[in-house]
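Everything on this sheet refers to the single structure shown next.
The values are calculated or read from the model by the stated rules, or taken from the named source; none is laboratory data. If you're wondering where the values come from, they're calculated on a predicted model, not measured in any experiment. Quick reminder, even Gly has a Cβ in these numbers, built from the backbone with ideal geometry, and neighbours come from all protein chains shown.
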Amino acid sequence: MLYSDERYKLDAALARQFMRRAQLATLTINELGWNLDEKTVDQSLEAARLALLDHEAARDGFLTLLERLEQHTTQSKTFSTVVADLLGKVRQRAAACGEDLVWYRPPTPFETCFLQGRAPFFDRQPLRNKVQALSGGTCRVLVINGASRTGKSYSVRFLSFLAMEQAAFGPNFRLATVDLRDMRSSQIDVPFLVGNIMAQIDPSTPVEPHAAAGQASHQGHQQAARLAALADSHTPQGRRTFCIVLDHFDASLLPDDVRSFINHLAMRAAQSRGLRLVLVGYPGQELPFESQDVVEEEKLGPPTSTDVMDFFTKVHEHKNVAPAATSQTLYDEVIGKVTLAREDPMFLSQLARAAKARVLELFP
């Protein structure tokens, strides 16, 4: 448990870093697989922070959160110091208890069937292949679509896990995620997006001021070219790759300048060696024709029985344990605890909880 003074410091740091509840909710669902809306009906930021602090008993998930916060400390040196201090305390206590903070290390990161915190990520092999291709090959723009609650945003967490914790794409891979969940269209413009992106991939570079009226499209073109040029520039450590993830970008609600900026990003990604673009919940047909040769689209649906059976097979392989029951039997046991129809938006969440519970029974 955190000591009372540590809880106070972390709460104060979170208050400074996150000005809106939606920002904190996005972080927790992406990094912990933990939905604040299911823990508290209060929509205030204060209630969200308190709920998060109560959640720290999940040690490995909380460690992941602290590491994520440590990587986004451009706003406050005090915040950086507090997070680093807390992170050290959590690691020391875990080491003293002899706890293994990473449940297992798969032979190939892209085969991971659990994220940090034992959150299940079902096989979805076509999606895994497309994500892996972001580091090379012809996939420069990945579009992930599907009905509500089929795992689109969870796929973003998988990508973040690979890039930030597994270093699956190499040390020069920079990931920037912008989530517009709960934001009004009047709050969104190109400088807002570019500012968020640059704060994550190159905080030392200043953000351009707002464009004058009538120049928004030109500004989007300039900023996309600027990002591509930065991605293609060489550093002493070698060429960098910038992967920009845009989540909850409903094309029908976006201002024209933002749609134009996304189109320019897609075209630059098609031409650039170092720029990648992942669009979650965005219609692929909206992208310009010039970028279509490098666009891969994956439409998610509820996991199939094969997905779940392969998931259990890999869990046993990673634990180097012979299964006591067939994958079909394990699937039948899990699906028997799911009361919702596959068409129900909450089907995947219930299936994931049932699968996680069964795994923890097999490997307590």
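What the table shows:
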{"item": "Gly136, sole failed condition from (1) crowded, with 18+ Cβ neighbours inside 10 Å; (2) under 21 Å from Leu230 (Cβ atoms)", "result": "(1)"}
{"item": "Check on Phe363, over 30 Å from Arg140 (Cα atoms), touching a residue at least 12 places away in the same chain (Cβ under 8 Å) and touching a Leu at 6+ places or on another chain (Cβ under 8 Å)", "result": "no"}
{"item": "Only one of Val338, Val278 that is among the β-branched types (Val, Ile, Thr) and assigned by TED's automatic domain parsing to the domain that holds Arg140", "result": "Val278"}
{"item": "Restricting segment 249-293 to residues that are assigned to a helix (DSSP H, G or I) and hydroxyl-bearing (Ser, Thr, Tyr), the residue that is nearest to Phe169 (Cα to Cα)", "result": "Ser291"}
{"item": "So Arg268, is it assigned by TED's automatic domain parsing to the domain that holds Ser148, of a type outside the set (S, T, N, Q), surrounded by 16 or more Cβ atoms within 10 Å (Cβ to Cβ) and under 24 Å from the mean Cα position of the chain (by Cα)", "result": "yes"}
{"item": "Qualifying residue in segment 348-359 (condition: outside any strand (DSSP E or B), polar (S, T, N, Q) and on the phi < 0 side of the Ramachandran plot)", "result": "yes"}
{"item": "Qualifying residue in segment 150-164 (condition: part of a loop (DSSP other than H, G, I, E, B) and closer than 24 Å to Leu362 by Cβ)", "result": "yes"}
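For (1) modelled with pLDDT of 90 or more; (2) surrounded by fewer than 14 Cβ atoms within 10 Å (Cβ to Cβ); (3) in contact with an Asp or Glu (Cβ under 7 Å, 6 or more places away or on another chain), each residue gets a yes or a no:
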position: Ser291; (1), (2), (3): no, no, no
position: Lys299; (1), (2), (3): yes, no, no
position: Asp307; (1), (2), (3): yes, no, yes
position: Thr313; (1), (2), (3): yes, no, no
position: His318; (1), (2), (3): no, no, no
position: Val321; (1), (2), (3): no, yes, no
position: Gly336; (1), (2), (3): yes, yes, no
position: Ala341; (1), (2), (3): yes, yes, no
position: Arg353; (1), (2), (3): no, no, no
